[in-house]
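Data block below; observations after.
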């Protein structure tokens, strides 16, 4: 039976709550904006507070008999060809942990692409799951990691037949997509589930010119950030389930274990409204932004010193299987400046914030919210950047190791290292020691060092030279990396 996607159960329930003039003697304490500080109300507006009600005992009754959230989740599942959908107000960082805990437990193995986000590593630390790392496909010339191949997962299963399943990130924040159909087939031939961290792929189900999304490719669980490439609010995430390899009640239980008992109805409303928007208008919205992206890419390619990474750069043998053109990744090597300095200059002089930033690239993420006005401002700023490039520092040298140097040996489980007795040692004395913390260039948040990995000189030089060049590494105890937190001697080191 077809579902009515003109409905938006959460938004409709919020409107009804206001129309009924309900009076709550319950949280939240601002009581529909009345108690909020006037200065806060002036900045945020009362609409934020009016939409901030209890999920049960507010939006729905205390026993959730109207099934407001359940109906919204059913509509989302229908829109994207899933069997079950769960809303999360704690971002995909929570959703991916719930998925991992539904597949493996303490001491059990999970195949994980080494280009995973730090939230996956946090899941390993919390759970005690043993990762079997699957190497990404490296572009050594551009110093970029693309998703691991299906053959890499197949070999890992042959060597680790007791692995409980696999996790792959696709698309990457750079726009390269894995061959999910082939990876899913590798897993399913062994009756093992596939988790896809598709945080950057909320838009994929809504246009045939975009890479196949995880549910259509046969994945068992897919985690999606609605706030990244959709139009939900920050922290709004969903995870979808299909097939029989993971029990829906188990997945819901794992999410409940990790989630908050005070979910934000504002985030639910953003997710619900985005689903309706895309179910009704998604194809036309995506057609327009894909045409816009093609035009913008063509224009940037004409700017001296700039190159837009495209399908030819990111796809083919030893690279991604498909490509999303909406993360517009701009290589600045021709200008002789770093992405770090370029991003800072664009913010200071044009009030433009880029997304990904690395030693040679910046990324301008486009969504269906963009138009000729926003992209015109971007293009104008990029042309000005080229004209002023000589005033910026020359690209400060980042000592980039080859893939073999970047890959650290795992001395112990991430959980064991993280919870070990630790000590902080000077960077110059850290090589050979076992890391007890994550060290993660951000964005996009893919750790260069994990707890349990044995540090080496090439990686330490890369990180230190990167910080000196402008890299942001926010998660170690010492973000300047003059010291590194390691396992104490005799406790994992």
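Rule-based calculations on the coordinates, nothing more; no lab input. Note that the structure is a prediction, hence the values are computed from the model and not measured. FYI the Cβ positions are ideal-geometry reconstructions off the backbone, even for glycines, and counts take in every protein chain you see.
The table that follows gives values for the structure above.
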| quantity | calculated |
| --- | --- |
| Cα pair distances of segment 283-391 binned at 10 Å [whole percent] | 14, 48, 31, 7, 0 |
| Volume in Å³ per residue [convex hull over Cα atoms, computed for segment 333-483] | 131 |
| The chain: relative contact order in percent, alpha carbon pairs under 8 Å with at least 6 residues between | 14 |
| DSSP beta bridge pairing in the chain, given as percent antiparallel to the nearest 5 | 65 |
| Whole-angstrom gap from segment 262-332 to segment 447-467, using each part's C-alpha centre | 31 |
| Sorted by Cβ density within 10 Å, fewest first, the residues 133, 213 | 133, 213 |
| Inverse mean reciprocal Cα-Cα distance (Kirkwood Rh) of segment 331-392, Å | 11.8 |
| Rg/Rg_ref, segment 1-130, where Rg_ref = 2.2 N^0.38 Å and atoms are Cα | 1.39 |
| Over the chain: Rg over Rh, Cα atoms, Kirkwood Rh | 0.97 |
| Segment 403-487: relative contact order as a whole-number percent, Cα under 8 Å and 6+ apart | 39 |
| Antiparallel DSSP beta bridges within segment 256-391, percent to nearest 5 | 90 |
| Protection proxy ranking of 256-263, 3-10, 465-472 - average other beta-carbon atoms within 10 Å, highest first | 465-472, 3-10, 256-263 |
| Mean Cβ count within 10 Å, highest first, over the residues of peptides 38-44, 388-394 | 388-394, 38-44 |
| For segment 403-487, radius of gyration divided by Kirkwood radius, i.e. Rg to Rh on alpha-carbons | 0.92 |
| Theoretical ellipticity at 222 nm over the chain - DSSP helices of four or more residues, -39500 (n - 2.57) apiece, nearest 500 | -11500 deg cm²/dmol |
| Radius, Kirkwood style, for segment 127-286 when every pair of distinct Cα atoms is counted (Å) | 17.0 |
| Against the rule of thumb 2.2 N^0.38 Å, how large the Cα Rg of segment 91-194 comes out | 1.02 |
| Semi-axis lengths (Å, descending) of the ellipsoid that matches the C-alpha gyration tensor of segment 358-424 | 40, 20, 12 |
